[in-house]
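Every number in this text was worked out from the coordinates using simple rules, so none of it is lab data. All values reported here derive from a predicted model rather than from experimental measurement. All Cβ positions, glycine included, derive from the backbone under ideal geometry; neighbour counts span all protein chains shown.
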Amino acid sequence: MTDRIRGTLLIALAIAIAGVFATAADAAPVTVNLRVEGITHTIFEGQVVTDEHLVKTPSDTTAHVCNGTLAGNPAGPTATTALDDAARLNGFTWDATWDAAGSNADYYPYLRIGPDVVDPSSHYWALWRNWGFASFGGCGQRVAQGDEIVWAYADFSPTIPLLRLTGPGSAHTGESFTVKVVDGQNGAAQAGAAVGGATTTASGQATLSFADAGVYRFKAEKTGAIRSNALVVCVDPRGADPCTSSDKTAPTVAASLPGRRLASERGRSRTMLVSWQADDAAGAGVAYYSVDVRELSDGVRTAKAGEWKQLVARTVLTGVHFRGDSGSAYEFRITAVDRATNRTSLVTDPVVLPVDDRDRGIWKLSGWKRQRSAAAWGLTVVRARKTGATGALRFRGRSVSLIGRRLAKGGRLEVTLDGRSRTLRVRGHSRPRALLWTSPRLKAGSHRLRLRTLGGGPVELDAVAPRP
């Protein structure tokens, strides 16, 4: 078990390192700094791991391609997938209608982000990438590792400033420090911007000072401009380590896996994206993350949990790829450490990587025809139309699930588990990678699953998942 995990660590580390050097042409998931500025407040600001995926909205429930290709760009994550991933993980929603006119089909107009509804006759949701107006719409605008992405409620003025706030990360009580506000699009100093109770001068600067220790958060605002990014400054007595005198609370962490129990719920491969979001509330901000993994069971040979192994250490990224083994169940431990060295850890629920139809040494199939399917687990399925196609799996676990697709003229499948048989009718309609059947709770130990088609129409199977 240790050797199996060690092999996956090399893959995960290689992908994590490669992600740091990702370019706009890479199709791998990326971490971007996303900000959504609403009418009166900031709706979201933070890091988001985003990947290429189909997108749908409340106003248009059709899943649309949103990976840059409709604008002539290479396939990969976009500004809209970043918005969609941020909304899913952080408890806000958004809405837009799909505009299929012209050569660059995309969502337009964006009707709402969070609580803020746009009036399309006077305002729109503007998009910036790396402090410049985006070259494409949200689904056309590819994003790369480390990009600064801003969605903001704006009028149609072509010269609206996008405020950018800079300053120190720490200061001492009773001592002055300087912050500066510019238009992030061209670097022009912004006079008259309000920040931290002060107003910027013609140079765009303001001087601040605080008698009390604490963690102070600032944003610059100015009439006719898009409010700035946040600046967090730890104010401590002289001699104290930065951020330690007032920040005593650890951050919170939420994780996102390809599924709650099975990686096939949203994923299609044994290489899965493990991502997370942290919130330091009134604290000084997260400094870094560490991620560990352990194999809870391999589903085939043993149900004994392995030791925790380090996946990545002291990373500022909020996601990493991990490639596991077919039939195995994994847990991930994600630790967030803030600038005051407060830390918190989260252990995810186990997620199982199903056994694919091509795993011949584990799942023994006979009499089936293999077909390629872009939506399938492992990109292939097996089908049988006649009676007599068989399958066999010996596994360890407390239950087992069959994954496949119900067909309009689907047939019958005999399922025998530890000598007890039942017949499944797989006629109907379902999405790919759907659960066809899950066994009752089993006693711990070794079990044998056997399958046989009974005719009456085609049967399509994709994977089988032993559960710990």
*asked:* Between 0 and 90 degrees, rounded to the nearest ten: what's the tilt of helix 2-20 against the longest Cα principal axis of the chain?
replied: 40
*Take every Cα-Cα distance within region 272-405, group them into 10 Å bins from 0 onward, and report for each bin the whole-number percent of pairs it holds.*
11, 32, 26, 18, 10, 3, 0
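If Lys and Arg each add +1 and Asp and Glu each add -1, what is the summed charge of the other residues whose beta carbon sits under 14 Å from the beta carbon of ASP60?
-2
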*Mind sorting LYS180, LYS409 by how few other Cβ atoms lie within 10 Å of their own Cβ, fewest first?*
LYS409, LYS180
*In the P(r) worked out for the chain, what percent of Cα pairs fall beyond 42 Å?*
28
*Using per-residue counts of other Cβ atoms within 10 Å, averaged over each peptide, order 164-174, 112-122 from highest down.*
164-174, 112-122
*Using a Cα distance threshold of under 30 Å, what count of lysine pairs results for the chain when pairs must be 8 or more residues apart or interchain?*
15
_For a protection proxy built on the mean count of beta-carbon atoms within 10 angstrom, sort 452-459, 307-314 highest first, please._
452-459, 307-314
*Dipole of region 376-436 (Lys/Arg Cβ +1, Asp/Glu Cβ -1, origin at the Cα centre): which of GLY419, LEU436, LEU393 lies farthest to the positive side?*
LEU436
*What order, most packed first, do the peptides 269-276, 189-196 have when packing is the mean number of other Cβ atoms within 10 Å of each residue?*
269-276, 189-196
*Charge dipole of the chain about the Cα centre (unit charges at C-beta), most positive-ward option of HIS321, TYR124, ALA376*: ALA376
*For THR69, what is the net charge nearby, where nearby means another residue's Cβ is under 13 Å from its Cβ and Lys, Arg count +1, Asp, Glu -1?*
-1
*Taking amide H positions as placed 1.01 Å from N in the peptide plane, with prolines and chain starts having none, which residues 5 or more places from SER170, or on another chain, fall under 5 Å of its amide H?*
CYS234
